[in-house]
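Peer 1: One structure, pasted below without further comment.
Just so you know, all these numbers are worked out from the coordinates, no wet-lab data involved. On a predicted model such as this, the values are computed, not experimentally measured, just so you know. Don't worry about glycine lacking a Cβ; one is built from the backbone with ideal geometry, like all the others, and counts go over all protein chains shown.
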Amino acid sequence: MDYYGTYLCICRQQDSKPGVSMMAPLIRSLLMMSLSTRLISLRKEKGLTQQQMADAIGIHVNSLKKYEAGQAQPSLDALKKIALALHVSTDFLLFETHERGPTDDWNLQLEAISQMPDEEQMVIREVLESLIIKYQSRRWDSGRHATKA
């Protein structure tokens, strides 16, 4: 499960338990933010100053300030380091909820699967993985044949 899926699970679990829903509103608000706003919020949540964060990811503090102000975009390498330092995925940093999450149809199916016993969930996971591998193999094979022609 990726970080996004983990966050959704945390929201569901905490929303369903009275008195433990403190994290869910924070996660929901993070999901609706821009990259610069997410960086600031996540950095502050970790209790890091801009200098500490810059040191942790190996960039100059002025670069981080520009990222947080929305004046510059981090390189792929910097983005990866930021995600690792903040313990989130790059998808979580970059995309809005509707851009990275499954469709409503998939959400309903995933919700139904989550209610099944662990053994049945494992079967579904194995079937999906085998279908994905089969699809990727066909794509790779057709791509290989196309380059030979």
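Peer 1: Enumerate the calculated ³J(HN,Hα) couplings along segment 122-127 in order (Karplus 6.51 cos²θ - 1.76 cosθ + 1.60, θ = phi - 60°), each rounded to whole Hz, writing x wherever the residue is Gly or Pro.
Peer 2: For segment 122-127, the Karplus-derived couplings read 5, 4, 4, 4, 5, 5 Hz, x marking Gly and Pro.
Peer 1: Quick one: net charge of residue 75's neighbours, Cβ under 15 Å, K/R +1, D/E -1? The partial results should precede the final answer.
Peer 2: Working: positive: 66, 80, 81; negative: 77.
Value of the local net charge: +2.
Peer 1: For segment 104-148, what are Rg and Dmax over the alpha carbons, in angstrom?
Peer 2: So, for segment 104-148, Rg and Dmax equal 15.3, 47 Å respectively.
Peer 1: When the chain is fully extended, how far beyond the present Cα-Cα distance does residue 63 get from residue 141, taking 0.36 nm per residue of separation?
Peer 2: 23.8 nm
Peer 1: Note down the net charge around residue 52, summing +1 for each Lys or Arg and -1 for each Asp or Glu among other residues with Cβ under 12 Å from its Cβ. Write out the running numbers ahead of the final one.
Peer 2: Working: positive: 43, 44, 46; negative: 55.
Neighbourhood net charge equals +2.
Peer 1: Once you place label points 7 Å from the Cα toward the Cβ at residue 103 and residue 126, how far apart are they in nm?
Peer 2: It works out to 2.9 nm between the two label points.
Peer 1: Same structure, new question: When we measure straight from the Cα of residue 80, which aspartates and glutamates land under 15 angstrom away, once same-chain ones fewer than 8 places off are left out?
Peer 2: 2, 55, 91
Peer 1: Could you derive backbone 3J(HN,Hα) for segment 40-53 from the dihedral phi with the Karplus parameters 6.51, -1.76 and 1.60 (θ = phi - 60°), listing whole Hz in sequence and x where the residue is Gly or Pro?
Peer 2: 4, 4, 5, 4, 5, 4, 7, x, 9, 7, 4, 5, 4, 5
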